[in-house]
Amino acid sequence: MKITVVGTGYVGLVTGTCFAETGLTVTCIDIDKEKIARLQKGIIPIYEPRLDELVHQNMAKGRLFFSTSLADHLDCDAVFIAVGTPPGEDGSADVSHVLKVASETGKYMTHPLLVVVKSTVPVGTTMKVKQVIREELDRRKVNIRFYIGSNPEFLKEGSAVDDFMKPDRIIVGVEEEEATRIFEKLYKPFLLNGHPFLVMDIASCEMTKYAANAMLASRISFMNEIANLCDRVGADISQVRKGIGSDPRIGPRFIYAGPGYGGSCFPKDVKALIRLAEEVDYSMEILKAVDRVNEKQKKLLLGKIQFHFGHQLKGKRFAVWGLSYKPHTDDMRE
Ligand SMILES: NC(=O)c1ccc[n+]([C@@H]2O[C@H](COP(=O)([O-])OP(=O)(O)OC[C@H]3O[C@@H](n4cnc5c(N)ncnc54)[C@H](O)[C@@H]3O)[C@@H](O)[C@H]2O)c1
């Protein structure tokens with residue numbers, strides 16, 4: 001099968017490369033001409049363990065290609081939209097890049113295909129993608145069959161290739177049975193290996209991605225509040241963490257206190273979910289607190305440094321060890 005992945009960033013490049021590794025023929029598209037020119041020469045723009053090796057292997061096997069032209073690569077079974085959805089000024093997700101890809105798809109597609117939204121998008125965006133494609137086809141006065149699907153990505157930067165190749169779960173949102181059949185073919189090697197494959201409606205699928213990130217961010221802010229209280233009452237957060245983490249209902253993961261959550265997803269996704277709720281007159285009280293606690297937590301370290309040095313910071317030199325938000329990634333976006 002042949003797919004086209006639009007947006008060759010952390011998600012798009014990993015998705016395209018890993019699908020090529022499973023045997024699909026993949027073209028990765030990006031509007032960034034320099035990025036594509038370098039990829040065509042085998043220069044990888046980001047760091048992810050094993051990505052370099054897999055890109056080179058799959059290019060050499062003639063299964064992985066790079067281009068700036070989506071119009072020239074719509075002769076495929078599926079288009080995956082993996083472009084960025086950055087926060088707008090009010091915190092809502094800016095889906096304009098996603099809709100631009102939808103519009104281009106509608107303008108240039110020539111035969112039936114599945115259009116998949118892999119970017120993290122607010123509920124309702126995949127249906128907007130469908131509407132935009134339909135409008136472009138109507139403008140061209142052609143009636144080409146297409147299906148839409150939602151397939152959020154759960155990979156973690158720093159272990160993206162491994163996460164994609166051995167997913168905890170693959171979740172797809174569909175309207176029609178035909179779309180499920182195409183997803184099953186695309187993910188066949190994963191299904192054969194027994195990775196959980198969940199099929200649901202599109203709105204629930206879009207929401208699942210935000211709910212997962214919001215839940216993880218909440219755990220971090222919760223632990224940071226407990227840590228701050230520990231400091232004040234003479235308890236040790238590391239011991240408390242071990243104590244609560246051994247309860248199977250809580251578990252040991254994602255309960256580390258620290259300088260707050262960062263990276264390119266949690267901060268923007270928490271804010272986007274708060275905004276989405278406001279659009280339907282609902283106030284996400286817990287998530288607003290999660291966001292506030294995180295903002296406060298970022299400044300806590302400075303206070304600890306000032307306290308340690310008796311507020312005498314003038315002339316002191318500090319080394320910062322590690323600039324990305326976690327190990328094994330070069331992502332310094334937030
Ligand atoms: N980074 C992660 O860990 C992660 C994990 C899961 C989901 N996501 C989601 O996946 C999406 C992509 O995230 P990312 O981190 O890969 O972003 P990114 O910024 O690394 O990559 C996005 C790419 O899309 C390209 N692009 C923008 N508009 C385009 C267009 N019209 N046509 C072609 N290319 C275009 C950009 O040039 C860029 O290279 C976001 O919605 C994000 O929330 C990210």
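The values are calculated or read from the model by the stated rules, or taken from the named source; none is laboratory data. Please read all numbers here as calculations on a predicted model, not as lab measurements. Just so you know, the surface numbers come from the protein's heavy atoms only, side chains and all, with ligands and any DNA or RNA stripped out. Shrake-Rupley method; radii C 1.70, N 1.55, O 1.52, S 1.80 Å.
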Completion exercise
Listed by chain and number, the residues whose amide H is under 5 Å from that of Val117, excluding neighbours fewer than 5 places away on the same chain and using placed H, are Ile81, Gly149, Ser150, Asn151
Completion exercise
Sequence order, segment 284-294: Karplus ³J(HN,Hα) from phi using 6.51 cos²θ - 1.76 cosθ + 1.60, θ = phi - 60°, Hz rounded, Gly and Pro as x, gives 7, 4, 5, 5, 4, 5, 4, 5, 4, 4, 5
Practice task
Give me the angle, in degrees from 0 to 90, between the Cα long axis of helix 177-186 and the longest principal axis of the Cα atoms of the chain, rounded to the nearest 10.
Solution key: 70
Problem - Percent accessible area from carbon and sulfur atoms, the chain, protein chains only, probe 1.4 Å - result: 56
Completion exercise
Across Ser264, Ser246, Ser204, the residue with the highest GNM fluctuation in the chain (Cα network, 10 Å cutoff) is Ser246
Problem - GNM result for the chain, Cα springs below 10 Å: residue of Phe254, Phe146, Phe19 fluctuating most strongly - result: Phe254
Practice task
Starting at the first residue of segment 134-139, write each ³J(HN,Hα) from the Karplus equation 6.51 cos²θ - 1.76 cosθ + 1.60 with θ = phi - 60°, in whole Hz, x for Gly and Pro.
Solution key: 4, 5, 5, 5, 4, 4
Exercise for the section: Over 23 Å between C-alpha atoms is what I'm after, so list which of Lys118/Lys296; Lys128/Lys288; Lys242/Lys326; Lys130/Lys271 land there. Expected result: Lys118/Lys296; Lys128/Lys288; Lys130/Lys271
Practice task
Would you please state the base-10 log of I(q)/I(0) at q = 0.16, 0.19, 0.21 1/Å for segment 255-334, with intensities from the Debye formula using one equal scatterer on every alpha carbon?
Solution key: -0.78, -0.96, -1.05
Fill in the blank from the handout: Comparing Glu176, Glu48, Glu104 in a Gaussian network model of the chain (Cα, 10 Å), the one with the largest mean-square fluctuation is Glu176
Exercise for the section: Pull up the DSSP beta bridges for the chain and report the antiparallel fraction as a percent, rounded to 5. Expected result: 10
Problem - For the chain, accessible area per residue (1.4 Å probe, heavy atoms of protein chains only), Å² - result: 53
Completion exercise
Note, segment 21-26: 3J(HN,Hα) by Karplus (6.51, -1.76, 1.60, θ = phi - 60°), whole Hz, Gly/Pro = x, goes 4, 7, x, 6, 8, 10
